[in-house]
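Colleague: A single structure is presented below for examination.
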Amino acid sequence: MKGEPVRILLVEDNTAHAKLVMINIKEYGIVNEVTHVTDGQAALDYLYAKGEYEGVPSPHLVLLDLRLPKVDGLEVLSTIKNDEVLRKIPVVVLTTSTSEMDIGKAYDNHANAYLAKPIDFEKFSNMLKSMGFFWLCWNVSPE
Amino acid sequence: MDKIKPDFSPPEYLRDIENRHEFDASALNFGHLFDFRETKKILERFCHANAVSCFFINPDGRPIKSLTGVLKFNDDFVLKPPEDAEATLGEKNFFSVICSGNPNVSYGVTTISVQGKILAYVAVGPVVLNNHPEGERFDVSLCDDKCGSENIPAKITQAEFSSICSNLSLIAEQMSLFAEQKMLYSSLFVKERKNEAVLRGVKERLSRSQEAARVGSVEVYLDNDVLWGSDGFFKLIGVTPDGGSFINYTAFCSLIIPEDRQRHNEVINKATASLGQLQDVFRIRRADNNEERYLLSAGKIVSGPDGKAKKIVAIIQDITERKKIGLQLENTSRLLNSTLNAIPDIIGIFDDNFHVIDTNIAGRVLFGNTADGKNTKRIRCYESSGMVQKCTNCIVEQVYQSGEPANLEVFDKRLNCWVDKRAYPVFDKGGNLTNVIEHIRDISDRKTTEEERENLISELRDKNAELERFNYTVSHDLKSPLVTITGFSSVIEAEIKDGNYEEIADFAKEIKLASQRMASFLDDLLEISRIGRLTNPSEAIDLNLMVEEVKHMLMGVLAEKSIRVCVETSLPVVMADKSRFMEVFLNLIDNAAKYIGTPENGGEIKIGSFVKDGKTVCYVKDNGIGINREAHKRIFHLFNQIDQTAKGSGVGLSIVKRIVEVHGGSIWVESEGVAGKGTAFYFTVPVAQNEGETK
């Protein structure tokens, strides 16, 4: 990752939420590029660099909402984690749901982390910051 | 019970015997005579009156016995009748003889004979015959055998002696008759005794065997009330007849207990009238200990030479023990039958050929009437209900094959209900499987309850799932705008603080949108909760008219996208809540218009109905973008909008589903998920019953 631009893929169908996430990520000052897609299919296209995303490089982190149009968030997660290459990318589930079923299913599909969006913006902000530093600074990824 | 005293009066039967035996004179001898005391007395009286001695003489001429007791005979005394004895005295059966020792002494002698055979002589005398010179009168001197002794014989005239002899002759004649009669009886008694000995042996053996078998034989003479019984018979009734093996029949009948007496008489009378067989079981009280016993009589009526009923010949058996066991069995059996009949379930007892041997009252429905406990027709269980062969999975057969109990829950077509069938093996002492008992219980109620429970559970599960989804959605969808609102408020705050105002309007707009979304979401929630609660009374609705109305209402949307709406078939009249049912069409048509996309030949919505499996199905088809197969179920879930970017909150279809279900119908979707091929919604409708008339 050294010297390489840090890329995040944000999969979020709620544009307002996406906007809030991106505002926060910008404040990290470490991320060079955030790509926002609004449905599961687009996420997969991006990850496999298909269609309009042909030639795009792999992201260093995926922020994934669970409830997505076209292809469901869990299915996207499952596809990533079943792919020998893609599974190395940390996937952080970022959703409003605190349902046990969702949490369980996410971990069943090898989510790297599960974050529930707090209503309080300060907390939301702190959470995203910590998450960013953890995954993008402290965490050592395989080459 | 009063104890009876049998009357043992002597019989008159002996008369019968006379005709049955031949008389044998050769067996007679003189000794028989002395039994006749009466005769002897007559003779003694005679001697005394006439002052003569009288004695018996053997046919060989030796004196036997003096009847008067005064005569003494010499050892050489022999009385020999002269060859012309009869001529000598000129009297029939009477003659004068001369004593061998003294030619002057004579005796008047007559014979006692039976059928020509001389048994003895009866002599009177001695007399000394003096030829009296005066013609007819001659003296007869009575003297003893020692003639010439000091005894002076009495003198009697010839005429007197003749009279004495004549009388003696009459007496002798009478004695002959007595002798003959006595001989006769004597000989009979000898014979009888011989026969009796044989008979006694036979009788004893018979008696022993009868006793062992608790059997007796009996003969009853109908004309004279005489009852002949064997020893065994008397033992059975507890009577010891003195001097004979009989009592009278009336006495016997008095032993029969009153309750059974009349029937016994009827049996006898019937048999007598028909000269036929008789059989009866009756109770007596034994004469000796008053004990009640059951007797079985079996016999027949014997007719006399005149063809009329003469006597009853019967064998009597004491069957008390057997009867008691029988009664016990009967009680047990009655108890068992009552128990079986008290059971409302069907119970059948089978043999190995599937014959129903017995059933309880409930079982008659299935196995026919075998109420008498015997299926004499030997009908197989399945035949009685008109079937040609055994039921499949016949559990009776299974038990016969395995020897183990079997059970099966099945819908019985014959009974037209669900039943729980259980079959159990019955083994004999040797462990052989002899019968199978089948127990059939109507479990319709249980089945119905189970079904209802299953339905309720499934309904509840659906409701629960829906509630869970609802909770999930509510928590998610309500939270989501809140995150947006608080988030952007904070952002705006920070921007203002930093003095950046460019994006504030933009951020404020996000807040506004989120609030609007939340408001509409809350509206939908209210709407959803209203369905199911609010129901207007059902009315007949002509769907053709309703569709026209909906088309009119959606005119704007349809015109905007130039969508054609085509009613393909005539629609039925339904019984439904009008305003609610309108929402079904409104939502479906609106939905179709919403997702019509851009088909080549322009958007088209087709509406129609058909009947399938007895249900009327309506459909709304479009040629829009279609719905992915995996989403088919999900689309009816609450707030399950396929595409967040499209307008609406996702409650439309779940509202439609609810309305259809509230009206007792179901709804499903068919779509390949391919744009242009569109989507088809099908739903069943409650057709008005008199639709034909209203239309």
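Colleague: So, A:LEU74, is that one within 14 Å of another protein chain (Cβ to nearest Cβ) and not in a helix (DSSP H, G or I) or not? Write out each step before concluding.
Modeller: Numbers: within 14 Å of another protein chain (Cβ to nearest Cβ): yes; not in a helix (DSSP H, G or I): no.
Judged against the criteria, A:LEU74 is not a match.
Colleague: Are any residues in the range A:27-49 more than 24 Å from B:LYS479 (Cβ to Cβ), at pLDDT below 90 and not β-branched (Val, Ile, Thr), and if so, which ones?
Modeller: A:TYR28, A:GLY29, A:ASN32, A:GLU33, listed by residue number.
Colleague: So for the range A:51-68 (the condition being surrounded by 23 or more Cβ atoms within 10 Å (Cβ to Cβ), away from chain B (no Cβ under 13 Å), closer than 29 Å to B:LEU513 by Cβ and touching a residue at least 60 places away in the same chain (Cβ under 8 Å)), does at least one residue qualify?
Modeller: For the range A:51-68, residues surrounded by 23 or more Cβ atoms within 10 Å (Cβ to Cβ), away from chain B (no Cβ under 13 Å), closer than 29 Å to B:LEU513 by Cβ and touching a residue at least 60 places away in the same chain (Cβ under 8 Å): present.
Colleague: For the condition in a helix (DSSP H, G or I) and not small (Gly, Ala, Ser), what is the one hit in B:THR473, B:THR434?
Modeller: B:THR473
Colleague: Given the conditions (1) under 30 Å from B:THR434 (Cβ atoms); (2) at pLDDT 85 or above, and given that B:PHE282 satisfies all but one, which numbered condition is not satisfied?
Modeller: Checking B:PHE282 against (1) under 30 Å from B:THR434 (Cβ atoms); (2) at pLDDT 85 or above, the one that fails is (1).
Colleague: Right, here's the next one. Exactly one condition in (1) surrounded by fewer than 12 Cβ atoms within 10 Å (Cβ to Cβ); (2) outside any loop (DSSP other than H, G, I, E, B); (3) among the charged types (D, E, K, R) is not met by B:LYS429; state its number.
Modeller: Unmet condition: (2).
Colleague: Which residue is surrounded by the fewest Cβ atoms within 10 Å (Cβ to Cβ), if the candidates are limited to the range A:82-100 and must be polar (S, T, N, Q) and within 20 Å of B:THR484 (Cα to Cα)?
Modeller: Going through the qualifying residues, I end up with A:THR98.
Colleague: Let me ask something else. Has the range A:86-103 got at least one residue that is part of a helix (DSSP H, G or I), among the basic types (Lys, Arg) and within 14 Å of chain B (Cβ to nearest Cβ)?
Modeller: no
Colleague: Tell me, please, whether a residue that is at pLDDT 90 or above, touching a Phe, Trp or Tyr at 6+ places or on another chain (Cβ under 6 Å) and closer than 29 Å to B:SER333 by Cα can be found in the range B:404-413.
Modeller: Yes, the range B:404-413 contains a residue that is at pLDDT 90 or above, touching a Phe, Trp or Tyr at 6+ places or on another chain (Cβ under 6 Å) and closer than 29 Å to B:SER333 by Cα.
Colleague: Quick one: which of A:ALA43, A:ALA106, A:ALA116 is away from every other protein chain (no Cβ under 14 Å), within 22 Å of B:PHE470 (Cα to Cα), within 14 Å of the chain's Cα centre (by Cα) and small (Gly, Ala, Ser)?
Modeller: After ruling out the rest, the residue left standing is A:ALA106.
Colleague: Inside the range B:444-476, can you point out the residues that are within 14 Å of another protein chain (Cβ to nearest Cβ) and under 14 Å from B:HIS637 (Cα atoms)?
Modeller: Applying the first criterion (within 14 Å of another protein chain (Cβ to nearest Cβ)) to the range B:444-476 yields B:464-465, B:467-476.
Once the filter is applied, which keeps residues that are within 14 Å of another protein chain (Cβ to nearest Cβ) and under 14 Å from B:HIS637 (Cα atoms), the range B:444-476 yields B:ASN464, B:ALA465, B:LEU467, B:GLU468, B:ARG469, B:PHE470, B:ASN471, B:TYR472, B:THR473, B:VAL474.
Colleague: Scanning for something over 17 Å from A:ALA18 (Cβ atoms) and within 14 Å of chain A (Cβ to nearest Cβ), does the range B:519-538 turn up at least one residue?
Modeller: Looking through the range B:519-538, at least one residue is over 17 Å from A:ALA18 (Cβ atoms) and within 14 Å of chain A (Cβ to nearest Cβ).
Colleague: Just to be sure, is B:GLU600 of a type in the set (Asp, Glu) and at pLDDT below 85?
Modeller: Criteria met by B:GLU600.
Colleague: May I ask you to verify whether B:TYR501 is aromatic (Phe, Trp, Tyr), over 28 Å from the mean Cα position of the chain (by Cα) and buried (at least 16 other Cβ atoms within 10 Å of the Cβ)?
Modeller: On the way: aromatic (Phe, Trp, Tyr): yes; over 28 Å from the mean Cα position of the chain (by Cα): yes; buried (at least 16 other Cβ atoms within 10 Å of the Cβ): no.
Judged against the criteria, B:TYR501 is not a match.
Colleague: Out of (1) surrounded by fewer than 17 Cβ atoms within 10 Å (Cβ to Cβ); (2) part of a helix (DSSP H, G or I); (3) among the polar types (S, T, N, Q), the odd one out for A:THR79 is which?
Modeller: (1)
Colleague: List the number of the failed condition for A:LEU9; all other conditions in (1) away from chain B (no Cβ under 14 Å); (2) in a loop (DSSP other than H, G, I, E, B) hold.
Modeller: Exception for A:LEU9: condition (2).
Colleague: Count, please, the residues in the range B:425-475 that happen to be among the aromatic types (Phe, Trp, Tyr) and in contact with an Asp or Glu (Cβ under 7 Å, 6 or more places away or on another chain).
Modeller: So in the range B:425-475, the residues among the aromatic types (Phe, Trp, Tyr) come out as B:427, B:470, B:472.
This time we only want the ones that are in contact with an Asp or Glu (Cβ under 7 Å, 6 or more places away or on another chain), so: none.
Number of matching residues: 0.
Colleague: Going through the range A:119-143 one residue at a time, which ones are part of a helix (DSSP H, G or I), among the hydrophobic types (A, V, I, L, M, F, W, C) and within 12 Å of chain B (Cβ to nearest Cβ)?
Modeller: A:PHE121, A:PHE124, A:MET127, A:LEU128
Colleague: Listed residues B:ALA508, B:ALA576, B:ALA514; which is within 14 Å of another protein chain (Cβ to nearest Cβ), of a type in the set (Gly, Ala, Ser) and buried (at least 19 other Cβ atoms within 10 Å of the Cβ)?
Modeller: B:ALA514
Colleague: Still on this structure, please answer the following. May I ask you to list the residues in the range B:384-426 that are of a type in the set (S, T, N, Q), outside any loop (DSSP other than H, G, I, E, B) and surrounded by fewer than 19 Cβ atoms within 10 Å (Cβ to Cβ)?
Modeller: The first filter runs over the range B:384-426 and keeps only residues of a type in the set (S, T, N, Q), leaving B:384-385, B:389, B:392-393, B:398, B:401-402, B:407, B:416.
Now restrict to residues that are outside any loop (DSSP other than H, G, I, E, B): B:384, B:398, B:401-402, B:407.
Hits for the range B:384-426 are B:GLN398, B:GLN401, B:SER402, B:ASN407.
Colleague: Can you give me the ranges of the helices (runs of 4 or more DSSP H) entirely in the range B:200-297 with at least 1 residues that are more than 24 Å from B:LYS310 (Cα to Cα)?
Modeller: Counting at least 1 such residues, we get B:231-237, B:258-274.
Colleague: If I filter the range B:526-535 for residues that are modelled with pLDDT under 90, among the β-branched types (Val, Ile, Thr) and either exposed (fewer than 11 other Cβ atoms within 10 Å of the Cβ) or closer than 21 Å to A:THR96 by Cβ (or both), do I get at least one hit?
Modeller: Yes: one or more hits.
Colleague: Please go through (1) in contact with a strand residue (DSSP E or B) (Cβ under 7 Å, 6 or more places away or on another chain); (2) modelled with pLDDT of 75 or more; (3) not hydroxyl-bearing (Ser, Thr, Tyr) for B:ASP352 and return the number of the only condition it doesn't satisfy.
Modeller: Every listed condition holds for B:ASP352 apart from (1).
Colleague: How many residues does the range A:20-35 hold that are within 14 Å of chain B (Cβ to nearest Cβ) and touching a helix residue (DSSP H, G or I) at 6+ places or on another chain (Cβ under 7 Å)? Quick ask: steps written out before the conclusion?
Modeller: We begin by selecting, within the range A:20-35, every residue within 14 Å of chain B (Cβ to nearest Cβ); these are A:20-27.
Add one more test, that the residue is touching a helix residue (DSSP H, G or I) at 6+ places or on another chain (Cβ under 7 Å), and what stays is A:20-21, A:23-25.
So the count comes out to 5.
Colleague: Can you tell me which condition A:PHE124 does not meet? The list is (1) surrounded by fewer than 21 Cβ atoms within 10 Å (Cβ to Cβ); (2) touching a residue at least 60 places away in the same chain (Cβ under 8 Å), and all the others hold.
Modeller: Checking A:PHE124 against (1) surrounded by fewer than 21 Cβ atoms within 10 Å (Cβ to Cβ); (2) touching a residue at least 60 places away in the same chain (Cβ under 8 Å), the one that fails is (1).
The values are calculated or read from the model by the stated rules, or taken from the named source; none is laboratory data. If you're wondering where the values come from, they're calculated on a predicted model, not measured in any experiment. Note that each Cβ is placed from the backbone with ideal geometry, even for glycine, and that neighbours are counted across all protein chains shown.
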